[in-house]
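I'd like to ask some things about the structure below.
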Amino acid sequence: MTKLNLINPERPILMGILNVTPDSFSDGGQYSDINLALRHAEAMLNDGADIIDIGGESTRPGAPAVSVQDEITRVIPVIKALKKEFNCAISLDTSKADVMQSGIDEGVDLINDVCALSQPQAMEVVAQSKVPVCLMHMQGTPRTMQKNPTYNDLIQDIRDFFIDKIAACKTAGIDEHRIILDLGFGFGKTLAHNYQLLNEMDSFLNFNMPILAGISRKSMLGNLLDLPVEQRLNSSIVAATLALTKGAKILRVHDVKETKQAITIFNAMNYGVDNG
Ligand code: PT1
């Protein structure tokens, strides 16, 4: 199998979400939890996930902070087991330098940081490695970000954020070819902001970096359609499809099988059908 090209994928790729937060688990990193995580990852890989995104700290609005040690205890055993059992591509969803370093030591293929390397030493840890990094835009912190998000000019403010971040990354020694951009749906944005961002996602393509879109099951779907989280499958697939048409190259999703169908249709439309 050829190695997955995260940085310049010819076609859209699928990132399956694997949560190992305590609310998704019972016995905090013990055998049954690791096994449960492995079975979930296996199902996503069978359904067409190209990469598994593992996170030990929830970044949903209002979610509590987690200590470095707790996060390492949650994610590292699962990363080890995933590498051993499936040798699949792994993305590590973390903002903490020590967690990043532990993951890099275990061979993760991507650092996915919703804080865009703003935490102490995070930039340095990634710079000293060879792994690609996803820089996400967020206004505020997960605990406070949905209070009253305001922008001068939504698109230009986020563009400026990326310009500054990319410059800082380069100065630190992170080559631009290692960078993925994420507009940060739901992270310090009103409903109107989120849909404007979806509409104007293509205006970020001239950074010449892949764009990752994380919309799956988010409140921008539920609040618009008045649907609880367990009824957001259809809207998640619609939004993922729209993101594809706006140029998203990596889709971070819960519902891998259904999103894979959207990508297959998108690819057939764009590149043709290869089996008859
Ligand atoms: C994301 C993302 C992420 N989202 C990347 N990583 C989450 N790169 C975690 C809601 O409004 O979009 N991109 N890691 C999950 N965070 C949220 C935020 C979940 C908002 C739900 C909401 O419902």
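What follows draws every value from the coordinates through simple rules; no lab data is involved. No experiment lies behind these values; they were computed from the predicted model shown. Cβ placement follows ideal geometry from the backbone for every residue including glycine, while neighbour counts extend to all protein chains displayed.
How much length is gained if the chain between A81 and R11 is pulled fully straight, taking 0.36 nm per residue apart and subtracting their Cα-Cα distance, in nm to one decimal?
Contour length minus Cα-Cα distance gives 22.4 nm.
If you don't mind, there's one more thing I want to ask. Fully extended, how many nm does the chain gain between L227 and V68 (0.36 nm per residue separation, minus their Cα-Cα distance)?
Details: separation 159, 0.36 × 159 = 57.24 nm, distance 3.43 nm.
Difference between extended and current length: 53.8 nm.
Spin-label point model (7 Å from Cα, Cβ direction): what's the N208 to A168 distance in nm?
Modelled inter-label distance: 2.4 nm.
Over the chain, what per residue volume does the convex hull of the Cα atoms give, in whole Å³?
130 Å³
Here's a follow-up. Most mobile of D160, D53, D202 per a Gaussian network model of the chain (Cα springs, under 10 Å)?
D160
A further question on this structure: Using a 10 angstrom cutoff on alpha carbons, build the Gaussian network for the chain and name the most mobile of L221, L181, L242.
Greatest mean-square fluctuation among the candidates belongs to L242.
Add +1 for every Lys or Arg and -1 for every Asp or Glu among the other residues with Cβ under 13 Å from the Cβ of I215, and state the total.
Neighbour charge sum, excluding I215 itself: +4.
Another question, then. Which net charge results for the neighbourhood of P12, defined as the other residues with beta-carbon distances under 11 angstrom from its beta-carbon, given Lys and Arg at +1 and Asp and Glu at -1?
+1
Also, I was wondering about something else. Per DSSP helix of 4 or more residues, -39500 (n - 2.57); summed, then divided by the residues of the chain. What does that give at 222 nm, rounded to the nearest 500?
The helix contribution divided over the chain gives -13000 deg cm²/dmol.
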